[in-house]
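Every read-out reported here was derived from the displayed coordinates using simple, explicitly stated rules and does not represent laboratory data. This one's a predicted model, so the numbers in the text were calculated from it and none came from an experiment. Glycine also receives a Cβ, built like all others from the backbone with ideal geometry; neighbour counts cover every protein chain displayed.
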Amino acid sequence: MSLIYTPEEEAFRAEVRTFLQNEYPEEVKEVIRAGKRPNREQMIAGQKALAKGGYAAPKWPVEWGGKDWTPMQSFIFSDEVLENDIAPTNGFGIGLLAPVITEFATQEQKERFLPAIYNADQYWCQGFSEPEAGSDLASLRTRAVRDGDNYIVNGQKMWTTEAHHADWIFMLVRTDPNAPKRQMGISFLLIDMKTPGVSVRKIRLMDGEHEVNEVFFDNVVVPAENLIGEENKGWTYAKFLLGNERGGMSNAKPFWRRLAVAKKEAAKVQLENGTLMDDILFRARLAELETKITAFEETALRLKGTSADGAPNPGGSVIKLRGTELMQELTALLIDVAGPNARVFENDGLSGVEAWQSATVHTYLNTRKVTIFGGSSEVQRSIIASAILGL
Ligand SMILES: Cc1cc2nc3c(=O)[nH]c(=O)nc-3n(C[C@H](O)[C@H](O)[C@H](O)COP(=O)(O)OP(=O)(O)OC[C@H]3O[C@@H](n4cnc5c(N)ncnc54)[C@H](O)[C@@H]3O)c2cc1C
């Protein structure tokens, strides 16, 4: 899709680009360029560089370091972030928790947590899901019992991404097991991961990576001042947070990039009558994908334009659903282009297989998660049906 930018927008792009090209650590860019996951130290170094330039959390309110950008400026910024191989910031802190804090926390809590999140002095993870509570999150059982100035927390969280790297976890806990509705007995609590009684056990995903964990809480003493908002109102804050999580992945650039790789490499694959790029069925598949990506991109831009007040938009579910499906379709496409070489899962450098080819299955397997976390595709369809289509 081609957009016409105003001279002011072009100047804005140039300013952002100059910063990202000159002030961001090159070693972190190299990790992103190689398609690898940055480690904790690299993520923190990258975020600190952005924070120094005032770019760590553009969507935050200006008083806490955010930018008063137009939707188009925000779009240009995220475009440049992808273009310049910038690592993601700690999304759990910056993208998910901070909006809850700015909206619902006390001034004291804002001062305590927001600067630390912005400057990457605290690395956060999200403790919502439990073994018996995923899509049906309101059935969560981790218990927090008030004891004087503290809560005593017992229970287990599941699938906690980055818990093994995190300094803090934001949690949904059950504070009133007798509430008339399950949603009415839940609170939103912040817990320091170094507190005695917190332990982390790793889960290995099917691509072999260690990204997620189980987190156990055994009589963990948490100061009551770490409660966000009102006790038993946590469900309201969680819904707010999940709305932001779903609308988060709205830039189509990674899709265009994958498609460009597929085209470039397909042109090298020799078939009987030409290359894979000459194959009519393959071309039809590419055309269909291009159409879907274009539609996604325009929908995402339209949604940005209608979310200026910062309130979560149920359209975020459309973006989550379509974006994650596209991501998975593109990883499957790249496996097909790599052909038999995709089978070389661990590239020993001896087999003549290119790095991108051996990465395809790894990426495909890792990307299975995207239609599950942040609310599965089935859950997004239910939200679209009720909140957008009024069914
Ligand atoms: C890699 C990964 C990382 C994650 N990271 C985090 C994290 O950092 N923090 C966190 O709190 N959670 C995290 N999660 C958990 C994630 O949010 C849950 O896995 C998700 O909400 C689904 O819950 P579940 O796994 O319990 O599956 P279930 O809820 O048991 O669902 C099983 C299947 O049933 C379907 N289903 C369930 N209910 C309905 C319904 N009402 N209508 C139609 N179909 C339905 C689902 O779509 C799914 O296909 C992560 C998950 C993964 C896989």
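Let's test the formula: R0 of 56 Å, r as the Cβ-Cβ distance of Glu103 and Leu205. What FRET efficiency results, to the nearest 0.05?
Efficiency, from the Cβ-Cβ distance: 0.95.
If you take the Cα atoms of the chain, find Rg, then find the Kirkwood Rh from the mean of 1/r over all pairs, what is Rg/Rh?
Details: Rg = 22.2 Å, Rh = 22.6 Å.
Ratio of gyration radius to Kirkwood radius: 0.98.
Estimate the FRET efficiency between Ile152 and Glu230 by the formula 1/(1 + (r/R0)^6), using the beta-carbon distance for r and 25 Å for R0, to the nearest 0.05.
0.85
Mind checking the full-extension length gain between Glu30 and Asp218? Use 0.36 nm per residue of separation minus the Cα-Cα distance, one decimal, nm.
Taking 0.36 nm per residue and subtracting the Cα distance, the gain is 63.6 nm.
Work out the FRET efficiency for Ile388 and Asp348 from their Cβ-Cβ distance, taking R0 = 45 Å, and round it to the nearest 0.05.
So, using R0 = 45 Å, E works out to roughly 0.35.
Take Arg143 and Asn178, extend 7 Å from each Cα along the Cα→Cβ direction, and tell me the distance between the two endpoints in nm.
Each label point is offset 7 Å from its Cα along the Cβ direction, giving 1.3 nm.
Go ahead and set up a Gaussian network model of the chain, Cα springs under 10 Å, then flag whichever of Thr360, Thr18, Thr299 fluctuates most.
Thr18
Suppose every Lys and Arg Cβ carries +1 and every Asp and Glu Cβ carries -1, with no other charges. What dipole size does the range 53-153 come out with about its Cα centre, to the nearest 20 debye? Write out the running numbers ahead of the final one.
Details: 7 positive and 15 negative charges, 53 e Å.
Here the size comes out at about 260 debye.
Using just the C-alpha positions of the range 124-232 as equal point scatterers, what log10 of I(q)/I(0) does the Debye formula give at each q in 0.13, 0.16, 0.22 1/Å?
Log-scaled intensity ratios, in q order: -0.44, -0.66, -1.19.
For the range 248-388, what D do you get in µm² per second when you plug the Kirkwood radius from alpha-carbon pairs into Stokes-Einstein at 10 °C and 1.306 mPa s?
The Stokes-Einstein estimate is 95 µm²/s.
Mean Kyte-Doolittle hydropathy of -0.5 or higher plus an axial Cα length of 30 Å or more: which whole DSSP H helices in the chain meet both?
Taking the DSSP H segments of the chain (at least 30 Å long, mean hydropathy at least -0.5), we get 280-305, 316-338.
Grab the Cα-Cα distance for Asn273 and Ala260, subtract it from 0.36 nm times how many residues apart they are, and report the gain in nm with one decimal. Could you put the intermediate results ahead of the total?
Details: separation 13, 0.36 × 13 = 4.68 nm, distance 2.22 nm.
Taking 0.36 nm per residue and subtracting the Cα distance, the gain is 2.5 nm.
I want to verify a result. In a Gaussian network model of the chain, Cα cutoff 10 Å, which of these has the top mean-square fluctuation: Gly127, Gly316, Gly66?
Ranking Gly127, Gly316, Gly66 by mean-square fluctuation puts Gly66 first.
With the chain treated as a Gaussian network of Cα nodes joined by springs under 10 Å, which of Arg112, Arg143, Arg182 yields the largest mean-square fluctuation?
Comparing Arg112, Arg143, Arg182 in the GNM, the peak value goes to Arg112.
Report the extension gain between Thr195 and Phe373 in nm, rounded to one decimal, defined as 0.36 nm multiplied by the number of residues separating them, less their alpha carbon distance.
Contour length minus the Cα-Cα distance gives 61.4 nm.
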